[in-house]
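What follows draws every value from the coordinates through simple rules; no lab data is involved. Not measured: the values here are computed from a predicted model. Quick reminder, even Gly has a Cβ in these numbers, built from the backbone with ideal geometry, and neighbours come from all protein chains shown.
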């Protein structure tokens, strides 16, 4: 039964991306979870917002994660897709698929290998594909849902931008980026948890080219397998594509189901 649930969830995640598929950085900490036993586990969330009347706007976001664990090995697949319409015109269309292999070497250090594919129509991003690796260090973990983690690594990325008349930065580019992050998790009480993750990804061949992501979330337990999730995300690109803003800020409210 658990295996069938895993296959079903995987199919949903892949179809969400392939139908049409974010920011330069994906906050994998929110997706990582903490499986308590060997085998399959996962979660899925849905958020919907909208306005009608003088303003007609709607947005739908679906994401999910699927984990497999055996001894000191964890494998993760995560996917997300967001679609929005403003006054009958599409204004959001983005998504990603992320795969990660984690080997826990010691209680305080894990080695990770990951790959990712990303699309974002309104950032002119046709496809970003990357492959990377790094170490995850546990600076604090009291086994009561309070923890601090530091990530150190790098990845090789290939980016293809949509070519548009009058713009000169279309086409494909390949380069290396460092991947550094600080992840904090704090349990307020039995029902409420706060998380914060900050990523910093500078290009290795150009110090002025860097990307930053800060994401904070608040989860409130509604039932054994159901959470209310509130989150805010700020993404900054020091050298974005032409006609694309440097900073994006987004807010989400949704329901998360864990299985």
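Using packing as a proxy for protection, rank 94-102, 158-166, 206-214 so that the peptide with the highest average count of other Cβ atoms within 10 Å comes first. Intermediate values should be presented prior to the final figure.
Values: 94-102: 19.7, 158-166: 13.2, 206-214: 15.1.
Result, highest mean first: 94-102, 206-214, 158-166.
Just check region 71-196 against the gyration tensor rule for me: Cα atoms, a ≥ b ≥ c as the square roots of the eigenvalues, rounded for a/c under 1.5, and otherwise prolate or oblate depending on whether a/b exceeds b/c. Present the calculation step by step, with values, prior to reporting the outcome.
Details: a/c = 2.77, a/b = 1.60, b/c = 1.73.
Oblate.
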| Correct option for Cα extents along the principal axes in Å [calculated from the coordinates] among [x] 50, 42, 32; [y] 65, 45, 33; [z] 55, 49, 34 | [z]
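Let a ≥ b ≥ c be the square roots of the eigenvalues of the Cα gyration tensor of region 52-92; is it rounded (a/c under 1.5), or, if not, prolate (a/b larger than b/c) or oblate?
Details: a/c = 9.61, a/b = 4.91, b/c = 1.96.
Prolate, because a/c is 1.5 or more and a/b exceeds b/c.
Is region 125-245 best put as rounded, prolate or oblate by its Cα gyration tensor, with a ≥ b ≥ c the root eigenvalues, rounded for a/c under 1.5, and otherwise prolate when a/b is larger than b/c, oblate when not?
Details: a/c = 2.95, a/b = 1.86, b/c = 1.59.
Prolate, since a/c reaches 1.5 and a/b exceeds b/c.
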| For the residues 218, 66, what sequence is obtained by ranking on other C-beta atoms within 10 Å, fewest first? | 218, 66
